[in-house]
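The values are calculated or read from the model by the stated rules, or taken from the named source; none is laboratory data. Keep in mind the model is a prediction, meaning the values are calculated, not measured. All Cβ positions, glycine included, derive from the backbone under ideal geometry; neighbour counts span all protein chains shown. Side chains are part of the model used for accessible areas, which takes the heavy atoms of the whole protein and leaves out ligands, DNA and RNA. Shrake-Rupley method; radii C 1.70, N 1.55, O 1.52, S 1.80 Å.
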Amino acid sequence: MPEPTSAAPGAPVSTAAPDAIVIGAGPGGLAAAAALRQRGLRPLVLERGERLGTSWRNHYDRLRLHTTRRMSALPGLSIPRSYGRWVRRDDVVRYLERYAEHHDLDVATGIEVTRVERTDSGWELPATGGRVLNSPVVVVATGHNHTPYIPDWPGRNTFSGDLLHASAYRNAGPYAGRDVLVVGVGNTGAELAVDLVEGGAARVRLAVRTPPHVMRRSTAGWPAQASGILVRRLPTAVVDRVAPYIEKVSVPDLSAYGLPRPRTGLYARVLDGAIPVQDVGLIAAVRSRRVEPVAAVERLDGDRVHLADGSVVEPEVIIAATGYRRGLEPLVGHLGVLDGRGRPLVHGARTPPGAPGLYFTGFTNPISGMFREMAIDARKIARAAGRRR
Ligand SMILES: Cc1cc2nc3c(=O)[nH]c(=O)nc-3n(C[C@H](O)[C@H](O)[C@H](O)COP(=O)(O)OP(=O)(O)OC[C@H]3O[C@@H](n4cnc5c(N)ncnc54)[C@H](O)[C@@H]3O)c2cc1C
């Protein structure tokens with residue numbers, strides 16, 4: 001049994017055997033642990049990083065929640081009003097620290113769970129340092145954005161400039177005066193392109209494979225997240241028929257600037273894992289031609305990048321905002337609890353067939369906001385785990 005550390009570094013916490021183990025001390029894991037505690041269980045949270053909230057500590061400097069403060073609160077503690085409507089990265093981290101303290105959570109940091117094994121009485125978790133932990137209930141909360149992914153472009157290793165994943169980007173400082181190609185126009189790629197322009201990059205191109213749906217973060221005070229919550233139970237076809245009208249009214253046509261309106265339905269794309277891009281400066285930057293949309297990357301060759309439309313560009317830096325993998329296979333792949341795309345078969349209160357006591361949270365990408373959905377899942381998991389006990 002490891003010696004647990006609490007959310008307040010160094011403070012002693014209970015070493016009694018836990019009723020549940022939560023893997024990952026991000027918002028999803030902390031929410032699940034708090035909800036379990038509120039149901040009278042004693043969960044232990046295991047975190048591979050040195051401190052809780054590792055993912056949020058490592059996000060880029062200008063990041064704010066694009067979901068509202070009120071609709072991002074985790075169970076049992078509001079996000080302070082003083083953090084504003086769109087909460088800054090550092091305040092998200094502060095909130096998570098405060099959250100663990102408020103709920104008196106046992107968080108053991110610097111421990112990576114390497115595998116989840118079935119036993120007669122529950123689950124066995126081998127972890128780094130030769131530790132093995134046991135528990136009847138396990139909540140996997142290791143994050144949707146677990147492993148940075150860069151496509152295996154032909155010639156990738158020949159690229160003579162700098163190539164990094166967006167997860168390694170902090171601010172525009174190192175790129176001032178340089179020619180940068182951002183690849184991928186999800187929320188991260190769109191925001192990094194704007195950050196680079198504002199931070200003095202000499203030239204910023206944005207490689208687009210599939211034109212995104214772009215939405216205003218808020219229109220006349222009404223947040224896009226609230227629309228997401230309202231529409232998420234409607235049939236896909238209905239949302240996809242109505243959405244283009246709203247997009248036409250609220251977002252200008254950027255076709256002339258190289259960013260045409262998408263042909264695929266907004267909600268169909270969400271269900272396929274691509275949530276709309278919330279505008280935090282992209283529209284203005286594209287219209288002023290400070291961010292130049294270009295075609296998708298096909299291959300790299302020395303200092304040249306070949307694009308899908310046959311053109312060639314020569315950036316000094318490529319930033320791949322090309323997403324993440326969930327990385328669940330080494331942990332639970334052998335249990336038959338993942339689908340063909342590596343996603344858990346179930347989430348929230350449900351456990352996979354033949355895996356009682358094994359829960360997942362945080363592996364969907366809903367239009368209504370992940371913090372909100374993880375808060376809902378946390379309560380459901382706690383209720384189900386409490387009943388099991
Ligand atoms: C740039 C960005 C902006 C986002 N903005 C929003 C937003 O505005 N609103 C919103 O609702 N959602 C947002 N999300 C989505 C989502 O809410 C966040 O990714 C959130 O951090 C997910 O929480 P999580 O706990 O599931 O995962 P994480 O926060 O990634 O936490 C997982 C934790 O598990 C740990 N871990 C992983 N593997 C192991 C292991 N084997 N053993 C032990 N520990 C392990 C990690 O170190 C990490 O601390 C954003 C995501 C990104 C990438």
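Screening HIS165 with (1) away from the ligand (no atom under 14 Å from the Cβ); (2) within 24 Å of TRP56 (Cβ to Cβ); (3) surrounded by fewer than 24 Cβ atoms within 10 Å (Cβ to Cβ) gives one miss only, at (1). Considering LEU46, LEU125, the condition of being near the ligand (Cβ under 10 Å from one of its atoms) and closer than 19 Å to ALA382 by Cβ is satisfied by LEU46 alone. Within region 181-195, residues that are open to solvent by 20 Å² or more (accessible area, probe 1.4 Å) reach partners that are at pLDDT 95 or above and in a helix (DSSP H, G or I) with beta carbons closer than 7 Å, at six or more positions or on different chains, in the pairs THR188/ALA166. The set of residues in region 368-387 that are touching a residue at least 24 places away in the same chain (Cβ under 8 Å) and among the basic types (Lys, Arg) comprises ARG372, ARG379, LYS380, ARG383. Is it the case that ARG156 is farther than 21 Å from GLY49 by Cα and either surrounded by fewer than 18 Cβ atoms within 10 Å (Cβ to Cβ) or touching a residue at least 12 places away in the same chain (Cβ under 8 Å) (or both)? For ARG156, the condition - farther than 21 Å from GLY49 by Cα and either surrounded by fewer than 18 Cβ atoms within 10 Å (Cβ to Cβ) or touching a residue at least 12 places away in the same chain (Cβ under 8 Å) (or both) - is met. Note on region 208-246: residues that are touching a Leu at 6+ places or on another chain (Cβ under 6 Å) and either among the small types (Gly, Ala, Ser) or within 16 Å of TRP86 (Cβ to Cβ) (or both) amount to 1. Counting only residues that are touching a residue at least 24 places away in the same chain (Cβ under 8 Å) and more than 16 Å from the chain's Cα centre (by Cα), region 315-333 holds 8 of them. Assess whether ILE246 counts as being among the aliphatic types (A, V, I, L, M) and within 19 Å of the chain's Cα centre (by Cα). Here the answer is no, as ILE246 does not meet what is asked.
Against the conditions (1) among the hydrophobic types (A, V, I, L, M, F, W, C); (2) in contact (Cβ under 8 Å) with a residue 60 or more places away in the chain; (3) farther than 20 Å from GLU298 by Cβ, ALA237 satisfies every one except (2).
Looking at the structure I just gave you, is LEU133 part of a helix (DSSP H, G or I) and within 14 Å of the ligand (Cβ to nearest atom)? So LEU133 fails the test.
Conditions (1) under 21 Å from the mean Cα position of the chain (by Cα); (2) without any contact (Cβ under 8 Å) to a residue 40 or more places away in the chain; (3) surrounded by fewer than 17 Cβ atoms within 10 Å (Cβ to Cβ); (4) within 12 Å of the ligand (Cβ to nearest atom), marked per residue:
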{"residue": "GLY76", "(1), (2), (3), (4)": "no, no, yes, no"}
{"residue": "ILE79", "(1), (2), (3), (4)": "yes, yes, no, yes"}
{"residue": "TYR83", "(1), (2), (3), (4)": "yes, yes, no, no"}
{"residue": "ARG88", "(1), (2), (3), (4)": "yes, yes, yes, yes"}
{"residue": "LEU96", "(1), (2), (3), (4)": "yes, no, no, yes"}
{"residue": "TYR99", "(1), (2), (3), (4)": "yes, no, no, yes"}
{"residue": "ASP104", "(1), (2), (3), (4)": "no, no, yes, no"}
{"residue": "VAL113", "(1), (2), (3), (4)": "yes, no, no, yes"}
{"residue": "GLU117", "(1), (2), (3), (4)": "no, yes, yes, no"}
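Here's the yes/no breakdown for (1) surrounded by fewer than 18 Cβ atoms within 10 Å (Cβ to Cβ); (2) at pLDDT 95 or above; (3) under 18 Å from SER218 (Cβ atoms):
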| position | (1), (2), (3) |
| --- | --- |
| VAL239 | no, no, no |
| VAL249 | yes, no, yes |
| LEU254 | yes, yes, no |
| ARG263 | yes, no, no |
| ARG269 | no, no, no |
| GLY281 | yes, yes, yes |
| ARG299 | yes, yes, no |
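Taken over region 172-197, the criterion of being among the hydroxyl-bearing types (Ser, Thr, Tyr) and within 12 Å of the ligand (Cβ to nearest atom) is satisfied by THR188 alone. Scanning region 119-149 for residues that are touching a residue at least 40 places away in the same chain (Cβ under 8 Å) and open to solvent by less than 40 Å² (accessible area, probe 1.4 Å) yields a total of 14. In the condition set (1) closer than 25 Å to ARG387 by Cα; (2) within 12 Å of the ligand (Cβ to nearest atom); (3) touching an Asp or Glu at 6+ places or on another chain (Cβ under 6 Å), ALA32 is compliant with all but (3).
For region 337-353, the condition of being under 17 Å from VAL22 (Cβ atoms), more than 10 Å from the ligand (Cβ to nearest atom) and of a type in the set (Gly, Ala, Ser) holds for at least one residue. Before we move on, is THR68 touching a residue at least 40 places away in the same chain (Cβ under 8 Å), at negative phi and buried (at least 17 other Cβ atoms within 10 Å of the Cβ)? Yes; evaluated as a whole, the condition is true for this residue. Restricted to region 171-286, the set of helices (runs of 4 or more DSSP H) holding at least 2 residues that are within 23 Å of LEU307 (Cα to Cα) comprises 187-198.
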